[in-house]
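Below is one structure, written out as structure tokens, with a few remarks after it.
The values are calculated or read from the model by the stated rules, or taken from the named source; none is laboratory data. Source: prediction; values computed, not measured. Here the Cβ is made from the backbone with ideal geometry for all residues, glycine too, and neighbour counts use every protein chain on show. Calculation scope for accessible area: heavy atoms of the full protein, side chains included, ligands and nucleic acids excluded. Shrake-Rupley method; radii C 1.70, N 1.55, O 1.52, S 1.80 Å.
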Amino acid sequence: MREVEIGVQGMACAACGARVERALRGLEGVLEARVNLATERAHVVYDPQRTNLQALTAKVEEAGYAPWVAEAELRVLGMTCAACGARVERALGDLEGVLEARVNLATGKAWVRYLPTLTDLAQIEGRIKEAGYGVAEAEAQEGEGPIREAAHLRRLTLWAAAFALPLALLSMGGMAWEPAHRFLTALAPMEVWNWVMLALATPIQFGPGLRFYRQGWKALRAKAPDMHSLVMLGTSAAYFYSLAVLLFPGLFPEGARHVYFEASGVVITLILLGKYLEARTKGQASEATRRLLALQPKTAWVLREGGAVEVPVAEVKPGDLVLVRPGERIPVDGVVVFGTSHVDESMLTGEPVPIPKGEGARVVGGTLNGRGSLTVRATAVGERAVLAQILRLVERAQASKPPIQDLADRVVAVFTPIVLGIALLTALLWLLLGGEEGPTLALVHAVSVLVIACPCALGLATPVSLMVASAKGAEMGLLFRRAQALQALAEARVVALDKTGTLTRGRPQLTDLWVAEGLTEDEALRLVASLEGRSEHPIAQALLEEARARGLSLAEPLAFEALPGLGVKGEVEGHPVAVGNEAFMKALGLDTGPFAQEAKRLAQEGKTPFFAAIRGQLAALLAVADPPKGEALEALRALHRLGLEVAMITGDHRDTAQALARALGVEKVWAEVPPGGKAQRVRELQEKGLKVAFVGDGINDAPALAQAHVGLALGTGTDVAAEAAEVILISNDLRGVPNAIALARATLRNMKFNLFWALAYNALLIPLAAGLLYPFTGWRLSPVLAGAAMGLSSLFVLSNALRLRSFRPPLGPRPRGQGGEG
């Protein structure tokens, strides 16, 4: 039996505690559950063979309360391959209180969800260190780890290369060029040169090579061999075999008295060089994330008594007045209280055109102020700021794993033990079948197998692609909450969209105005808008907006009456005015015949026609519509070019929906669907075997967003974290949908190619390293070439992933002067 305490948030009374107790006791394997309302903790006794902590916390959530769960992200030092990441994950997963642990080899970070009532950061860090790895200081900034690691590896590589270069010339120069061999043997016998090679190999083996002994031995003791273990065993076999030949030549047959010091020293140097280049390339992969970090100013000018004072951004508090000078980056999220300027928000939305900002406008920290000066009242600082939320979402996506990673994880779990078995089998077969050269062939081929077979490329195949793609997406105004969302988006075959606020601007506009003879448009609109000034109806707001846009002077109505389902009536400047539908006009005894044909045509176009009567006479026909966004047609055409089927799900009238669908080229339309029914329509598509992406506003469409394989929410550019979807389009621009799908597809292709390469590399070269071709061709893969090939495999995967940095979206930013909403 095991006893744990789980913090429970949200309990308000004894009934809450009883509810949590009942929920926990109903779980199989729970023997006892007691809740202390004062301490807000649940004490649980359970059988770990029948249930676990994840099930316990899930039960608390099912009961309607929030278990007290903490999250931590730690930079782990010393990880070099996928086996390292798997080892850290296992170590953390075995720690009491840890609910979930994920390691990203590309970023060198471990993300942990844990119960703070059972464990803490100190224990988590201790467990990582027990596994044989280091933990960076908490204040270490993003990007510093890879930079420091690259600098350290550069020093080790230069140290090793200083000895490896003459070692390679001595050992291989003579074999490659006969005059060089004759020159060396003329100077001294080969026995002397063997001792020189020992002197050159030893500083490498026990200098820079010590890192492989430290990590490799720890991994072997933990029964989790990794890349360090393979290199340690391979180079040690070559070094100590050669040393034994040098010290005790009589123990070996004549044909096996060869030294292979280059197979230890040069291999270690090449592997260090590969790891150094890998660390540099990883740094390039996280460059986009570091650029986002660099956008946050370090200081801000805060208005205090006596003038502006420069203070660290961390000391700015909500409510402070911050002065933003021309050309400076805005240090905090806030609202403009004084001044006008244009602000470049391309870091947030991807739009290159600066946005005008005046009193009352919202601004975001990290965006670039133009030529004007602004005074901003801070509303969000630190972790609540938009830029911090974006970075948090990007890092969380980078820490997650797409489903395609499962294959690599399964291979990595058994990879190193299998390689060790292959190397042992290779050595035994060559000892038995190699004759007098058996010991030499066994050594060379076994060492080549150990050195060439590295899980690094497999471990880096997907996380580096994901890291580059998620940061690239943030630059484009796209945020992926999880790696799973990226893969689901790449595999989507149908894009279903909400209408109002997604395909359209979300507010009606006056589109048509026909007036009776003897009346001008402006005069009719002025009287109608004056009456509608008392109404809260969206149509009234559309009329008021058009009147203001025309610069019309509105009057205050003397009387006003709203008639639900019909319209409004009242008196403006002594004239009776009525505005409403056809039934209202008939109720007033007015014939709408003169406008009947036009009204019918407008309705067929998806507009809402209505009439105005002035001084007791039919005076005007008006129509409003919620027009499509300026970029909607371009975005939907791009989706079609990507081979996607487009559907629209809306609660609007069927004629209105069909008219918009015809204008935008939407193939499938569901109209008059209640909000709760949108999820059902998505489910119907899924039941046909289709992968569905749903695009909505993230709030009203939450059920459909959750039901779809992946939900995309149009953001506002300022409230990133509030959306319920897995992909957020910060710019509120529909063109982000095809851009997101194109980026997701490019990333998935990149991941698949990386995995194919990593698997094919090992499948093809391990048999060659084992000497498969030697009996037929006399060709064998030397350990030196094996070491070079191993390093190149990781560099190939990393370089391929970096190609995503040059990804060009199918729909770029809108050129200057082009209209459209969003």
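Ligands, DNA and RNA are left out, and with a 1.4 angstrom probe the accessible area of the chain is 43 Å² per residue.
Only lysine pairs 8 or more places apart, or on different chains, with alpha-carbon atoms under 21 angstrom apart are counted in segment 532-651, and they number 4. The relative contact order of the chain, computed from alpha carbon pairs under 8 Å that lie at least 6 residues apart in sequence, is 12 percent. Annotation: amide H-H contacts under 5 Å for GLU345 (H modelled 1.01 Å from N, sequence separation of 5 or more, or interchain): ILE355. Residues of segment 473-502 falling in the label zone of LYS688, defined by backbone nitrogen less than 16 Å from a point 7 Å along Cα to beta-carbon, are 492-497.
Listed values for segment 362-367 are Karplus-derived 3J(HN,Hα) couplings in whole Hz (6.51 cos²θ - 1.76 cosθ + 1.60, θ = phi - 60°), namely 8, 10, 10, x, x, 6, and x replaces Gly and Pro.
Relative to the longest principal axis of the Cα atoms of the chain, helix 736-769 runs at roughly 10 degrees. In segment 392-525, taking the dipole from charged Cβ atoms about the Cα centre, the farthest positive-side position among VAL449, GLN484, ALA423 is held by ALA423. Label-to-label distance for LEU642 and GLU73 is 2.6 nm, based on points extended 7 Å past Cα in the beta-carbon direction. Peptides 464-470, 521-527 ranked from most to least packed give 464-470, 521-527, packing being the mean of other C-beta atoms within 10 angstrom over each peptide's residues. Taking 0.36 nm per residue of sequence separation and removing the Cα-Cα distance, the PHE240/ARG384 pair yields an extension gain of 46.0 nm. Ignoring lysines fewer than eight residues from LYS317 along the same chain, the ones with Cα atoms less than 19 angstrom from its Cα are LYS298.
From the coordinates of this entry, P(r) over Cα pairs in 20 Å bins from 0, in percent is computed, and it appears in (i) 13, 31, 25, 16, 10, 5, 1, 0; (ii) 13, 27, 17, 12, 12, 11, 6, 1, 0; (iii) 13, 33, 31, 16, 5, 2, 0 under the label (iii). Packing around the peptides 502-509, 528-535, 561-568, taken as the average count of other Cβ atoms within 10 Å per residue, puts them in this order, highest first: 528-535, 502-509, 561-568. Fully extending the segment from GLU305 to GLU191 would add 32.6 nm, taking 0.36 nm per residue of separation and subtracting the current Cα-Cα distance. If only the Cβ of Lys and Arg carry +1 and only the Cβ of Asp and Glu carry -1, the dipole of the chain around its Cα centre is close to 2040 debye. For the peptides 490-499, 751-760, the ranking by mean Cβ contacts within 10 Å, running from highest to lowest, is 490-499, 751-760. The aspartates and glutamates within cross-link reach of LYS752, meaning a Cα-to-Cα straight distance under 18 Å and a gap of 8 or more places when in the same chain, are ASP406, ASP409, GLU491. Against the chain, whose longest principal axis comes from its Cα atoms, helix 144-176 is set at around 40 degrees.
Using just its DSSP H runs of length 4 or more, each adding -39500 (n - 2.57), the chain gives a mean residue ellipticity at 222 nm of -15000 deg cm²/dmol after division by all residues. In the chain, what percent of the accessible surface is made up of carbon and sulfur (1.4 Å probe, ligands and nucleic acids excluded)? With neighbouring chains kept in place, the figure for the chain is 57 percent. Which part of segment 208-243 falls in the paramagnetic zone of HIS152, meaning amide N under 11 Å from the point 7 Å along Cα-to-beta-carbon? Correct set: 211.
Using alpha carbons only, how many degrees (0 to 90, rounded to 10) separate the axis of helix 538-549 from the longest principal axis of the chain? Result, in degrees: 90.
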